Amino acid sequence: MTARVVGCLFITATAAGVVSAATQGATRGVMVFVMAVAIAFIAPVLYPVLRPHGEGAAMGYVVARTLEVVFLMSAVAPIAHVHIDEVWGHASAIYFCVGVALLNVLLLRSALVPRWISVWALVAVVPYLAGAVLVLLGVLSSQQAGALFVPLALNEMVLAVWLLVKGFSPASSARA
């Protein structure tokens, strides 16, 4: 059941993120809010499953995703006519990358999902992080960095579908 909930949350967060990137104004703000709410629930739902495989890393994952949400919510502020520097919105990607690394190290260690999914994420997080940093530094625009984000976005959807269809590995879940 936990795997299916997490899979749905990943899909919800990603779908809302895609819609927010393609829209403006209030619609964008609502989609960022939906994405942030979905992200806020992923880590606490996963924590009991991940904790037996590394309590510190599991808690680090919760903290990283929480900080990601805090920075994402700053992107909603313009709807309330509050001006917050755009850097805060882009900084959430750094915490996202930390969360991805922690989650996938735990998934790799625990064998809760096939190793290739975790390895793919750990490789794909490198260009994602590079793109996020380059956007923060003003070297690239978000649109220019978009291609660097695709491999990890695809990985996250593969993970989500895997969790919906197959769930966690039974042998590993029994240890959890």
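If you check Val69, Val150 for being modelled with pLDDT under 95, under 21 Å from Arg28 (Cα atoms), open to solvent by 60 Å² or more (accessible area, probe 1.4 Å) and assigned to a helix (DSSP H, G or I), only one passes: Val150. Of Val133, Val119, Val125, Val139, all but one fail to be farther than 19 Å from Val18 by Cα and surrounded by 16 or more Cβ atoms within 10 Å (Cβ to Cβ); the exception is Val133. Tallying residues that are of a type in the set (A, V, I, L, M) and surrounded by fewer than 20 Cβ atoms within 10 Å (Cβ to Cβ) within the stretch 48-61 yields 2. Say we look at the stretch 72-96 and pick out the residues that are in a loop (DSSP other than H, G, I, E, B) and either under 11 Å from the mean Cα position of the chain (by Cα) or β-branched (Val, Ile, Thr) (or both); which of these is modelled with the lowest pLDDT? Only one residue tops the list, namely Val82.
If a residue has to be open to solvent by 70 Å² or more (accessible area, probe 1.4 Å) and not in a helix (DSSP H, G or I) to count, how many in the stretch 153-173 make the cut? Looking only at that region, the number is 1. Kindly check whether there is at least one residue in the stretch 20-40 that is modelled with pLDDT of 95 or more, out of contact with any helix residue (DSSP H, G or I) (no Cβ under 6 Å at 6 or more places or on another chain) and closer than 19 Å to Gly167 by Cα. No - not one qualifying residue is present in the stretch 20-40.
The values are calculated or read from the model by the stated rules, or taken from the named source; none is laboratory data. From a predicted model like this one, the values you see are computed outputs, not experimental measurements. Neighbour counts run over all protein chains shown; Cβ positions are idealised from the backbone, glycine included. Heads up: the accessible areas ignore ligands, DNA and RNA and are worked out on the full protein's heavy atoms, side chains in. Shrake-Rupley method; radii C 1.70, N 1.55, O 1.52, S 1.80 Å.
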